[in-house]
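I have placed the structure first, in the form of structure tokens, so that the comments after it can refer back to it.
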Amino acid sequence: MTQETQEIDIRMWIMRIVRNWYWIILSCILFGVLGIYTYFSTTAKYTVDAKLMIRNNDSESPLAQMEMLSMLGMGGTKQIEDEVAILTSRDILTQVVRELDLQSEYRKKRKLKWEGQYPSRDLDIVYPEMFLDTTKKAVKVQIKARKNNYLVKVKYGRWDFSKHKVNDLTQPFNTCAGDIAFKLRKPIQQGAEYYIVTLPMLPAVDKYTRSIVAAPYKKESNIINISTSTDMPTRAIDFINKEIEFYNLDAVIDKNIMASNTASFIEERLRLIEEELAVAEKAMETYKAEHGIVDLLTEAELYLHEGAEYKKQLAEIETQLNLIQYIAEYVADESKKDALIPANLGIDDEALVVLISEYNQQMLNRMRVQRTATSSNPVLSQMDNQLAVLRENIITSINSVSKSLSIAKKDAEMRQGKINTQRYNIPTQEKEYIEVARTRELKEKLYLFLYEKREENALTLASTVMPAKIIASPQMDPTATSPNIKIIGIICLILGVGFPIAVIYLYHFFNNKISDDSRELERKIKMPFGGFLVQNHHGEHVAVRDGVNSVSAELFRLLRSNIRFMLPPNTTNPVILVTSNINGEGKSYVATNMAMSLALLGKKVALVGLDIRKPMLAQYLNLPSQGLLTSYLADNNYSVDDLIIPSDTKGLDILPAGIVPPNPNELLMSDRLDQLFVELRQRYDYIVVDSAPVALISDTFQLNRVADMTIYVCRARYTTFDLIDYLNQVNEQKRLPNIVTVLNGVNASKAGYGYGYGYGASNSKR
């Protein structure tokens, strides 16, 4: 497409839009009214947000250990994201919905708005027992208080609907959702309207899950921002507070589960060590009694003092070995596969402690998910796989630590052996006593160690420090987020302007007919364009008369001038053929008025009716005779003078077609037709021929031999584009001579030109 064509298209579309300005104004008014209604009928929404910090006061807690991992680039943001997931989990939100009774939403109509009622409301809906726990469909209830009764409409699910006239709302009545009643908190005034929506638990929870947005306040931050947009800010504030409350409660429960599990483990080990310690003390007392030993000998103390540090080291190593063995036995126990691994036992290996903490955290997360998920849930399967990997890693770490401690033990025993070699002279009784005392001392230290850990765990269990601290209480932004008058205004303006433009575009896109804009036809044809003619609203067949200065007459005069310039050079007494594609395009109207316009120049003009299959000239001009042209072509006894009927216009003669012949095409091929036009050229300055439509029959193509020019008539909003393609084919094949196209029936108000300018002031008669 050339730049000129693009410019024409743009101008054409601009003109189309300008011509339909009143539709745009009307559309803007309608959408403006719709926007005003939307603004005043929409309940205002506000943003409610809060901030809370996930804190850590226990350096030995799993959270603290996760923070240690974050310092190594292994945690941090992920841990906060996990807490966000827990905070907005279905389990916690379900508890909030139950606590605040949010399955049902109450609204009261005030003017155009349905305003929410929370926490106070005028009435409560009462369902049958267990209905809220078992229903799987939403219940929508609309109440209108009338003079003597109440009109109650109930919709249950998508299809069930019932309407009731109720005298007393407090008494149960049967509906499509079962028996319902209402508990009135306030007297209901006549004309009051209420709307109650009750959702099943799962959809109700999902509704709040979608509305509550929780996310880290900043990257690598322990602060979580919670926000929601609602038309009931008080409800949102209560909801967020309850959500945080249940989150803290859930975390405390998890912490207590871990502490209780650890306490059980320690108590079990304390019982075993207590028994072993009692056996060791009994053995020591027995040995003393049998060998008469009251106290350690001075000589033995001197030797033993040298190896005291080795003994202490050996005792610590063996303590760690025992703890590791206890953990190994616990992990290997299949009955405890789904339980938490005891933590905070005083294991010195930090890597093992971190692995155990990570395992316990993952197990707690699985417990949370398991509360609301089925056994086939893929998330549970994924978590089980992760736990299995962590358990294998723990076992591997335990084996590694055990090996390291065994090596350290052998080294300590080797060093201690050197001291023992110096003790070979010590009496046998003394050495045996020392071994017994050593065993008792080891058991005592292990017992005291576990006892200390039991007390620490008891303190942990008794602690009620909440993991989430509110640093910004839920509060409402006083500026409403919706409805926004500016946004509504912009949308209405865009729709008001864009909708009619879109309709105009679609209309012209799907329209397959030539428009009133002649420039569209000019772009599609491949032959000269002679001009356009306005629509004839009065139904008159003759628009050009002497002394008439109408728009139609002036356009015919303009067409007359164009045709005279477009005639082939050196053409004398030209024959102008007027045709069209199909009936109804106005060829006879154009031929008649073209002939009259030429006659008003003082020329002698013959208007010849050669549409012999459907002759219309005699009818158009109210002639006294139907003519004898077809008789002339068929009978040599007729002359040209017999055919001519003078008109009221000076210089214009009419040659009507006459009766419809049985062989029109053969008549047009006869020599009599050639003789006719030879004689007409001798008598007249111009011969205008009204011929048949070319797309329907081939008669007009027989006139190619006698014509000098063809006026091809198309009609606005009538001629289709495929007929224009046919016109181009006729022109390319030169089946008609010197084709000039005319657009007829143009609506002057839509064409985009200054039609009629100055016409009324002209006194020209030509």
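By the scheme Lys and Arg +1, Asp and Glu -1, what is the net charge of all other residues having a beta-carbon under 13 Å from that of Leu643? Around Leu643, the surrounding residues sum to -3. In a simple Cβ point-charge model (Lys, Arg +1; Asp, Glu -1; nothing else charged), the range 599-671 has a dipole of about 320 debye relative to its Cα centre.
Of the residues Tyr589, Tyr156, the one with the fewest other Cβ atoms within 10 Å heads the list, and the complete ranking is Tyr156, Tyr589. Here Asp179 and Arg98 are evaluated by their C-beta separation; at R0 = 25 Å the FRET efficiency comes out at 0.65. Shown is the FRET efficiency for Arg110 and Ile25, computed with R0 = 22 Å from the Cβ-Cβ distance and rounded to the nearest 0.05: 0.05. Evaluated with a Cβ-only charge set (Lys, Arg +1; Asp, Glu -1), the range 64-232 carries a dipole of roughly 1360 debye about its Cα centre, given to the nearest 20. One decimal place: the segment His164-Asn512 gains 119.8 nm when fully extended, by the rule 0.36 nm per residue minus the C-alpha distance.
Each of the peptides 145-154, 697-706 was scored by the mean count of other Cβ atoms within 10 Å over its residues; in descending order, highest first, they stand as 697-706, 145-154. With r as the distance between the Cβ atoms of Asp635 and Glu666 and R0 = 22 Å, compute the FRET efficiency 1/(1 + (r/R0)^6) and round to 0.05. It comes out at approximately 0.95. Taking a ≥ b ≥ c as the square roots of the eigenvalues of the alpha-carbon gyration tensor, the range 109-217 is classed oblate because a/c is 1.5 or more while a/b is no larger than b/c. Each Cα pair of the range 206-251 feeds into the Kirkwood radius, which the Stokes-Einstein equation turns, at 25 °C and 0.890 mPa s, into a diffusion coefficient of 210 µm²/s.
One chain, two ends: Trp13 and Lys144. Fully extended at 0.36 nm per residue, the span grows by 41.9 nm beyond their Cα-Cα distance. Only the Cβ atoms of Lys and Arg (+1) and of Asp and Glu (-1) were treated as charged; on that basis the dipole of the range 518-746 about its Cα centre amounts to roughly 640 debye. The order of the peptides 486-497, 541-552 by mean Cβ neighbours within 10 Å, most packed first, is 541-552, 486-497. Cross-link candidates for Lys137: which lysines have Cα within less than 25 Å, leaving aside residues fewer than 8 places away along the same chain? Cross-link targets: Lys108, Lys109, Lys153, Lys155, Lys163, Lys165, Lys183, Lys207. Close amide H contacts of Leu577 (hydrogens built in the peptide plane, cut-off under 5 Å, sequence separation of 5 or more or a different chain): Val689, Asp708, Met709, Thr710, Ile711. The packing ranking, built from the mean of other Cβ atoms within 10 Å per residue, places the peptides 558-570, 358-370 in the order 358-370, 558-570, highest first.
Estimated at 0.36 nm per residue, the fully extended path between Leu448 and Leu623 surpasses their Cα-Cα distance by 49.4 nm. Here the spin labels are modelled as points 7 Å beyond Cα on the Cα-Cβ line, and at Ser402 and Ala278 they lie 2.9 nm apart. A simple spin-label model places pseudo-atoms 7 Å from Cα toward Cβ; at Ser120 and Glu267 they are separated by 5.2 nm.
Ranked for footprinting exposure by Cβ neighbours inside 10 Å, fewest first, Lys155, Lys604, Lys526 give Lys526, Lys604, Lys155.
The range 329-360 and the range 147-203 have Cα centres lying 57 Å from one another. Shape verdict for the range 564-615, please, from the Cα gyration tensor: rounded (a/c under 1.5), prolate (a/b greater than b/c) or oblate. Prolate, because a/c is 1.5 or more and a/b exceeds b/c.
Note on the range 518-746: Lys pairs 8 or more places apart or on different chains, Cα atoms under 23 Å apart, count 11. Ordering Ala553, Gln619, Gly609 by Cα displacement along the dipole of the range 518-746 toward the positive end leaves Ala553 in first place; charges were set at the Cβ atoms of Lys, Arg (+1) and Asp, Glu (-1).
Coordinate-derived values only; no laboratory data. Predicted model only: the values in this text are computed from it and were never measured. Positions of Cβ are generated from backbone atoms using ideal geometry, with glycine treated the same way; all protein chains shown enter the neighbour counts.
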